[in-house]
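The values are calculated or read from the model by the stated rules, or taken from the named source; none is laboratory data. On a predicted model such as this, the values are computed, not experimentally measured, just so you know. Cβ atoms come from the backbone with ideal geometry, glycine included; neighbour counts cover every protein chain shown. For accessibility, only protein heavy atoms count, side chains too; no ligands or nucleic acids. Shrake-Rupley method; radii C 1.70, N 1.55, O 1.52, S 1.80 Å.
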2 protein chains.
Amino acid sequence: MMVYGGIEAGGTKMICAVADEQLTIIAQESIPTTTPEETLAAIFAFFDPYDLVSLGVGSFGPIGIDPTQATYGHILATPKQGWQQFDFLGALKKRYPETAFAWTTDVNAAAYGELRQGAAQGKDSCVYLTVGTGIGAGVVREGKIFEGIGHPEIGHTYVKRHSEDMYAGTCPYHGDCLEGLAAGPSLEGRTGIKGQDLPQAHEIWGLQAFYLGQALVNITLTLAPEIIILGGGVMNQPHLLAQIQQAFLKQMAGYMETPPVEDYIVTWGLPNKSGIIGCLLSGKEQVTAHD
Amino acid sequence: MMVYGGIEAGGTKMICAVADEQLTIIAQESIPTTTPEETLAAIFAFFDPYDLVSLGVGSFGPIGIDPTQATYGHILATPKQGWQQFDFLGALKKRYPETAFAWTTDVNAAAYGELRQGAAQGKDSCVYLTVGTGIGAGVVREGKIFEGIGHPEIGHTYVKRHSEDMYAGTCPYHGDCLEGLAAGPSLEGRTGIKGQDLPQAHEIWGLQAFYLGQALVNITLTLAPEIIILGGGVMNQPHLLAQIQQAFLKQMAGYMETPPVEDYIVTWGLPNKSGIIGCLLSGKEQVTAHD
């Protein structure tokens, strides 16, 4: 059976899916990300029964995206044991030599999914920011995934510390970059309580909103997208969106005009599905005209 | 005489130039930026003798860049007295109704000038960061000036404070954003000595490099340009470039691979001319194919 495939390859799990011509998903499986060998064996077991026309891969990163470099298709400086310098795309291409591949980051794929079918539908540009175990951002501009000499790694940008925040930060590379100060692990690191168990009234959410709102100011002043979409586990806290919107407005201080904040900073339109949908779409578009 | 015109419109002075078909400048004048009325009278006096085919304007900002909005062509939230909400482009178009106009920021024009004829020649993307009275950045990507719902305002992004820096910052909007902490006025504000009179051994330069290097990390992780070009008065300190390069490498901490730092972070190829050349080029390209 001819199908279009997608892999949303995260550091914790790999979501594999195959879809029909209309990109309706006909099979999906979540595979734990363990060693490359074990994980790939499970990925192959999932896809092998199909005639795979295309495979769109959105991977955790950083990844090599320059086709002229030997590192193209590789996972680069990840803290994930066993995956550093692993030629992920190469291993997939070797198994499926007749398949057309798309290759980008998991968050770029999610941004693209949101643009085509989610909260940014009808727009030409968006930024998708996910806040979970880490913080990552995907960018779409002029309808296309945005990459340069590397792909966006906005989770590792530096931010201004809150004056009362003395926490060292959790990032193994940068300590107190955005991810180090505001990703899921910092919630537990600061309070001793897991993020999902923290009460809504806890002051930590104000600090979280301070950092995320500030990051959205920096994103706006740098990329000026039409809309910013927030996703990821931490955003399951329903009170957090309004706090981030207010922190954004306060720290922007009226400097750049944006759409009304409730239209400009929103939660994902395809909860937990933006990534795999973006993978399926970008894969299929390798073999068909953009519809 | 048929000429191509350009205005590099800064908050202190407006550089006006006219050029021939080869874009060789045949007349140039620097006009102090005072009130809009007085400044425009001097601009008109300069351009009126010519048959102006095109006029490329690179203006201090923020400015309105969305042609569908009433604020298009206006100067927006500037601290510059008298210029807030002034319809600068409108006034020019009224005077020269037959002329083709290009309209962007002064720093976007400078980035474009550097890409076409300066330090980024032969590349498709660059970021130009000027450090002077303020800090501004222009961005070119895929050979074109980069704008979204607004233009880049990277000078007003927030940065991580140096742990020993207690200075409040000079930005009237944000206090301690990048511009507030590291533009020219902060040098005198911190030391009581004008930037150009500060000795090379002064510790302030290490702090300056810390902030500028950090800003270049954030720019790299967000925009991933092929090259970053530094200009502006503060960069006339010849020792500063190497300090910024080192601060960049230290704060990037090996996270994203970039070209060798001496090729990646450079000073301008068209000192004090990037802006006006970018203006002339972008104006002329309104009427002729990009050569």
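List of remarks:
- Positive end of the dipole of the protein assembly as shown (Cβ unit charges, origin at the Cα centre): among B:Pro185, A:Pro49, B:Ala111, the Cα lying farthest that way belongs to B:Pro185.
- Calculated log₁₀ intensity ratio I(q)/I(0) where the Debye formula runs over C-alpha points of chain A, q = 0.08 Å⁻¹: -0.33
- Solvent-free Debye scattering, log10 I(q)/I(0), computed from the Cα coordinates of segment A:197-271 at q = 0.24 Å⁻¹: -1.15
- For segment A:1-99, taking Cα atoms only, Rg and Dmax work out to 13.2, 38 Å respectively.
- Segment A:212-291, dipole about Cα centre (Lys/Arg Cβ +1, Asp/Glu Cβ -1), debye to the nearest 20: 260 debye
- Those trypsin sites (Lys or Arg not before Pro) in segment B:184-252 that DSSP places in a loop and that have at most 16 other beta carbons within 10 Å: B:Lys194
- Beta bridges per DSSP with both ends in the protein assembly as shown, % antiparallel, nearest 5: 55 percent
- When DSSP beta bridges are restricted to pairs lying wholly in chain A, around 55% turn out antiparallel.
- Using alpha-carbon coordinates, inclination of helix A:204-223 to the longest axis of chain A, degrees: 70 degrees
- Here segment A:12-46 and segment B:35-85 have alpha carbon centers that stand 56 Å from each other.
- Assigned charges on the beta-carbon of Lys, Arg, Asp, Glu; segment B:53-171 dipole about Cα centre (debye): 160 debye
- Inter-chain neighbour count for A:144-152: the average number of beta-carbon atoms from partner chains within 10 Å of each residue's beta-carbon is 5.
- Normalised by 2.2 N^0.38 Å, where N is the number of residues, the C-alpha radius of gyration of the protein assembly as shown stands at 1.00.
- Shown for chain B: the carbon plus sulfur share of the solvent-accessible area, taken with all protein chains present and a 1.4 angstrom probe, equals 51%.
- Between 0 and 90°, nearest 10: helix A:36-47 axis offset from chain A longest Cα axis: 60 degrees
- Cα centroid separation - segment B:181-206 against segment A:187-225, whole Å: 34 Å
- Here, segment A:59-166 has an Rg and a Dmax of 15.7, 56 Å when only alpha carbons are counted.
- Computed helical MRE - 222 nm, the protein assembly as shown, DSSP H runs ≥ 4 contributing -39500 (n - 2.57), nearest 500: -9500 deg cm²/dmol
- The mean accessible area for residues of chain A, using a 1.4 Å probe and ignoring ligands and nucleic acids, is 39 Å² per residue.
- Gyration tensor over alpha-carbon atoms, segment B:106-146, equivalent ellipsoid semi-axes in Å: 17, 10, 7
- Chain B: relative contact order as a whole-number percent, Cα under 8 Å and 6+ apart: 21 percent
- Working value for segment A:160-211: equivalent-ellipsoid semi-axes of 18, 13, 8 Å, each the square root of 5 times a Cα gyration tensor eigenvalue, largest first.
- Radius of gyration, Dmax [segment B:120-254; alpha carbons; angstrom]: 14.5, 43
- Pairs from the table (A:Lys160/A:Lys194; A:Lys284/B:Lys160; B:Lys80/B:Lys284; B:Lys13/B:Lys250; A:Lys93/B:Lys160; A:Lys94/A:Lys194) lying more than 31 angstrom apart at Cα are A:Lys284/B:Lys160; B:Lys13/B:Lys250; A:Lys93/B:Lys160; A:Lys94/A:Lys194.
- Given 11 as the ceiling on other Cβ atoms within 10 Å, longest exposed-site-free region of chain A for GluC sites (Glu not before Pro) in DSSP loops: A:204-291
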